[in-house]
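Below is one structure; the comments refer to it alone.
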Amino acid sequence: MTAAEHLFGSLLPDIVTSPPGGVSRDLTMRLREVESRNITYVDSGWPIFWKEASGSNVRDVDDNIYIDLSGAFGVALIGHAHPKVVHALQGQGQELIHGMGDIHPPVRKVELIERLCGIVPWVDAQAVLTTTGSEAVEVALKTAQIATGNPGIVAFRGGYHGLTMGALAVTDRAHFRSYFEDQLYKGVTFTPFPECNDVSQVTTDEALGLLRAAFQQGAPNGDPIGAVIVEPVQGRAGVRIPPDGFMAALSDLAIEEGVMVIADEIFTGLGRCGSMLASEQLGLRPDIVCLGKILGGGLPLSACLSSRSVLSAWPENDGEAIHTNTFLGHPLSCATALAVLDVLEHLGVPECARALGLQMLSELQESLKGTEKVLEVRGSGLMIGIELVTADGSPWEGGAARVAEAAFGQGLILLPAGEHGNVVELTPSAFLSENQVAHSVAVLSSIIQTIH
Ligand SMILES: Cc1ncc(COP(=O)(O)O)c(C=O)c1O
């Protein structure tokens, strides 16, 4: 073991009290009194309260140490509290904590937008900074409406784009939509997302045929289609990877039909899938790109980017922006995002994610080979999914949560994904140590092999 592997951040798990320990349980009871009951999931085994996080380690309030294989919702690709992020945060905190984003902006906002414009595929790129992924999606939808004049949207089955009302309208999961269905925009057509595996419900040709029909027929409420929104790899749906050529064909079709392509790269972008944008690898040629998660280095920040010609469809600001918010271009988030971009670029993080992703994928595939309940282990960079099925081959409803709970007891934090909760999702840091990788693969494989 090297000296660095003794540091908090690169440690193996150390569970001193079976989680959740007493301090976490007390905090849970206090929280239950004051927080709306739908927010924090509470069960005999959940939650733990985080006290400290660095690199790939999390310490809870009962002093248990975990390896975070979730990247805390995919955010921590460069690890928690990266020193450059902490440094930027402290420096900015001494100078300016809050500005007036669209009125008297902070310096960091200009610097960050200039940098972001360099990572998208347009020479004349421009951006709107936003705060959450959902907000970036809503700016993208507004942009498409304003640029095409057509409000209708095509979205994909299984797609996740956020839960605020505009974003929820294009998110396809009954669990999130059912209580609010009546309040959602009715001009959305959902069409199947093909996958590059044997269990794909549609072939590429069928999916493209249905997409063309959706573009031509217009939305269910009669609105003409202005945009198609797509995740290059569907994340929360369970790491669903499209077949080769599908994204390129989607782009061709959208051009033919005069429909704008919105790439929701909130989960896949900024190195997660092994390149700065997953679109690049998959041949998707978006008109609009949404970024978030990794961007702020742990602070809330997202962005919607497009070319100047598209964004110029928005009217000139006459004194009142028609889309803004109190914290737009927040100086602390912009400063940490600049540090994140430095780390991504200088340390070649997308390439590290690609290499480590391939390594973890092949090790997991090897160790889970022949395990009956594993339908497939798949991945794109450091977004890896292990799909679980029952003996008759149907999705193991809630199986991934069972695995996550068992893994948690052994000091691994990971999340279930997929409509049936049957995909174990791994979105760790690209800087996991060798020991952490070996340990995680061994523990996780053994749990999956033995759990019922
Ligand atoms: C692809 C995608 N889009 C949008 C969102 C919504 O982002 P947020 O939760 O920051 O609103 C998410 C969140 O997981 C996501 O995965």
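The values are calculated or read from the model by the stated rules, or taken from the named source; none is laboratory data. In this text the structure is predicted, and so the values were computed from the model without any measurement. All Cβ positions, even for glycine, are placed from backbone atoms using ideal geometry, and neighbour counts span all protein chains on display. To get the accessible areas, we keep the full protein, side chains included, count just its heavy atoms, and leave off ligands, DNA and RNA. Shrake-Rupley method; radii C 1.70, N 1.55, O 1.52, S 1.80 Å.
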Can you name every residue in segment 56-77 that is of a type in the set (A, V, I, L, M, F, W, C) and either within 16 Å of the ligand (Cβ to nearest atom) or open to solvent by less than 10 Å² (accessible area, probe 1.4 Å) (or both)? VAL58, ILE67, LEU69, ALA72, PHE73, VAL75, ALA76, LEU77
Being more than 16 Å from the ligand (Cβ to nearest atom) and either surrounded by fewer than 24 Cβ atoms within 10 Å (Cβ to Cβ) or over 22 Å from the mean Cα position of the chain (by Cα) (or both) is the filter here; which residues of segment 251-270 pass it? SER251, ASP252, LEU253, ALA254, ILE255, GLU256, GLU257, GLY258, VAL259
Is at least one residue of segment 239-246 within 13 Å of the ligand (Cβ to nearest atom), outside any loop (DSSP other than H, G, I, E, B) and touching a His at 6+ places or on another chain (Cβ under 8 Å)? no
Kindly indicate the residue of segment 168-187 that is under 24 Å from LEU210 (Cα atoms) and more than 22 Å from the chain's Cα centre (by Cα) and also most open to solvent (accessible area, probe 1.4 Å) among those meeting that condition. LYS186
I'd like the full set of residues that are in contact with a strand residue (DSSP E or B) (Cβ under 9 Å, 6 or more places away or on another chain) and surrounded by fewer than 24 Cβ atoms within 10 Å (Cβ to Cβ), limited to segment 433-444. SER433, HIS439, VAL443
What do you reckon, is ALA207 away from the ligand (no atom under 14 Å from the Cβ), surrounded by 21 or more Cβ atoms within 10 Å (Cβ to Cβ) and free of Cβ contacts under 8 Å to residues at least 60 places away in the same chain? yes
Suppose we keep only residues that are within 16 Å of the ligand (Cβ to nearest atom) and small (Gly, Ala, Ser) within segment 117-138. Which one would you say is surrounded by the fewest Cβ atoms within 10 Å (Cβ to Cβ)? SER134
Looking at segment 141-167, which of its residues are near the ligand (Cβ under 10 Å from one of its atoms) and either within 24 Å of MET247 (Cβ to Cβ) or open to solvent by less than 40 Å² (accessible area, probe 1.4 Å) (or both)? GLY159, TYR160, HIS161, GLY162, ALA167
Of all residues in segment 377-401 being of a type in the set (D, E, K, R) and surrounded by fewer than 20 Cβ atoms within 10 Å (Cβ to Cβ), which is farthest from ALA76 (Cα to Cα)? ASP392
State all residues of segment 94-114 that are open to solvent by 30 Å² or more (accessible area, probe 1.4 Å), part of a helix (DSSP H, G or I) and under 15 Å from PRO331 (Cβ atoms); if no residue qualifies, say none. GLN94, GLU95, VAL107, ARG108, LYS109, VAL110, GLU111, ILE113
Give the residues of segment 280-292 that are among the small types (Gly, Ala, Ser) and either away from the ligand (no atom under 16 Å from the Cβ) or free of Cβ contacts under 8 Å to residues at least 60 places away in the same chain (or both), sorted by residue number. GLY283
Consider ALA53 against the criteria (1) surrounded by 11 or more Cβ atoms within 10 Å (Cβ to Cβ); (2) farther than 30 Å from ALA438 by Cβ: it satisfies all of them except one. Which criterion is unmet? (2)
Looking at ARG240, ARG236 in this structure, which one is surrounded by 21 or more Cβ atoms within 10 Å (Cβ to Cβ) and touching an Asp or Glu at 6+ places or on another chain (Cβ under 6 Å)? ARG240
